Amino acid sequence: MSELEKKTEHGSMDAAEECSSGGQEAGGDSGVGLGVLFFIGAFAVCFLSGWLLFPSLLYSKKEQPFNFNHELHVAETGGCESCHYFRDDGSFAGLPSTSSCMECHESQLGETEDEAVFITEYVETGKEVPWLIYSEQPDCVFFSHAAHVTGAQMDCVDCHGHIGESTTTKTYEQNRLTGYSRDIWGKNIWGIKKNPWDRMKMDDCAECHEKETGSKGACFQCHK
């Protein structure tokens with residue numbers, strides 16, 4: 001075989017090897033690219049599924065014993081203090097007792113089914129209404145309404161929002177792990193808030209205290 005034929009043969013073999021190697025590299029790059037796309041797609045699906053499903057799995061929903069119309073009662077009584085009042089010793093009464101409600105509701109005043117339930121199941125039997133408290137704090141937390149309402153002259157709306165304008169009681173959502181209301185953490189799963197009454201976390205109290213008094217306060221002021 002002549003030198004020219006040998007060179008031609010070797011050149012053809014080298015070219016074939018280069019093509020084969022280039023094809024393998026291209027195939028490898030394609031595989032990596034598909035793997036990355038698959039990972040991104042799977043991550044997006046898992047993220048969106050968690051975003052949508054996690055809250056429904058974390059919180060159980062419960063309804064109040066019967067519907068309560070705040071707007072109607074505020075218009076009739078003149079304000080929050082008629083039902084949510086301070087006792088003579090300065091302590092906060094919180095939710096009104098059945099006996100307090102009986103001052104007006106000894107018998108049925110309206111024709112709503114909710115009032116009928118209240119009269120027959122609670123007024124006539126003397127039982128207390130087992131309200132589910134949206135703003136109930138952990139047992140280790142002490143909150144003084146007097147210090148905020150009487151001392152700092154804060155309005156109920158500042159922490160509780162415009163609940164006095166509501167005509168229905170919203171669904172109570174309870175955290176399955178902690179047992180507390182979703183209103184403590186807030187509706188937003190990230191804990192982001194738009195209004196001061198969107199949640200009732202310690203960070204919100206500390207932020208307000210620092211803004212108004214220049215200090216976040218000592219631990220023992222709120223924790224017992």
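The values are calculated or read from the model by the stated rules, or taken from the named source; none is laboratory data. Because the structure is a prediction, the values reported are computed rather than measured. Heads up, the Cβs are rebuilt from the backbone with ideal geometry, glycines too, and the neighbour counts pull from every protein chain shown. Please note that ligands, DNA and RNA were not included when accessible areas were found on the heavy atoms of the full protein model with its side chains. Shrake-Rupley method; radii C 1.70, N 1.55, O 1.52, S 1.80 Å.
I'd like to check something: does region 197-209 contain any residue that is surrounded by fewer than 14 Cβ atoms within 10 Å (Cβ to Cβ), assigned to a loop (DSSP other than H, G, I, E, B) and of a type outside the set (Lys, Arg)?
The answer is no; no qualifying residue exists.
Would you please list the contacts, defined by Cβ atoms under 8 Å and residues six or more apart or on different chains, that run from a residue in region 206-224 that is of a type in the set (Lys, Arg) to a residue that is exposed (fewer than 10 other Cβ atoms within 10 Å of the Cβ)?
Once the first residue is of a type in the set (Lys, Arg) and sits in region 206-224, its partners that are exposed (fewer than 10 other Cβ atoms within 10 Å of the Cβ) give Lys224/Cys140.
For region 154-177: of the residues being polar (S, T, N, Q) and open to solvent by less than 80 Å² (accessible area, probe 1.4 Å), which is nearest to Glu81 (Cα to Cα)? Please lay out each step first, then the result.
If we filter region 154-177 for residues that are polar (S, T, N, Q), which is where we start, we get 166-169, 171, 174-175.
Checking which are open to solvent by less than 80 Å² (accessible area, probe 1.4 Å) leaves us with 166-167, 169, 171, 174-175.
Values: Ser166: 16, Thr167: 18, Thr169: 19, Thr171: 24, Gln174: 27, Asn175: 30 Å.
Per the criteria, the residue is Ser166.
Where in region 30-147 are there helices (runs of 4 or more DSSP H), lying wholly inside it, with at least 2 residues that are open to solvent by 70 Å² or more (accessible area, probe 1.4 Å) and modelled with pLDDT of 90 or more? Before the answer, list the steps.
On the way: elements: 70-77, 98-101, 113-118.
Because the criterion is at least 2 residues that are open to solvent by 70 Å² or more (accessible area, probe 1.4 Å) and modelled with pLDDT of 90 or more, the helices (runs of 4 or more DSSP H) in region 30-147 that meet it are 70-77.
Among the residues of region 50-103, what is the count of those that are free of Cβ contacts under 8 Å to residues at least 60 places away in the same chain, within 13 Å of Val129 (Cα to Cα) and of a type in the set (S, T, N, Q)?
Of the residues in region 50-103, 4 are free of Cβ contacts under 8 Å to residues at least 60 places away in the same chain, within 13 Å of Val129 (Cα to Cα) and of a type in the set (S, T, N, Q).
Being without any contact (Cβ under 8 Å) to a residue 24 or more places away in the chain and either closer than 27 Å to Leu72 by Cβ or over 19 Å from the mean Cα position of the chain (by Cα) (or both) is the filter here, so list the residues in region 171-189 that pass it.
Lys187
Which ones in region 111-128 are within 9 Å of Thr98 (Cβ to Cβ) and among the aliphatic types (A, V, I, L, M)?
If the condition is that a residue be within 9 Å of Thr98 (Cβ to Cβ) and among the aliphatic types (A, V, I, L, M), then Val123 is the only one that fits.
Would you mind telling me which numbered condition in (1) open to solvent by 60 Å² or more (accessible area, probe 1.4 Å); (2) free of Cβ contacts under 8 Å to residues at least 60 places away in the same chain; (3) assigned to a helix (DSSP H, G or I) Thr150 fails?
All conditions pass for Thr150, except number (2).
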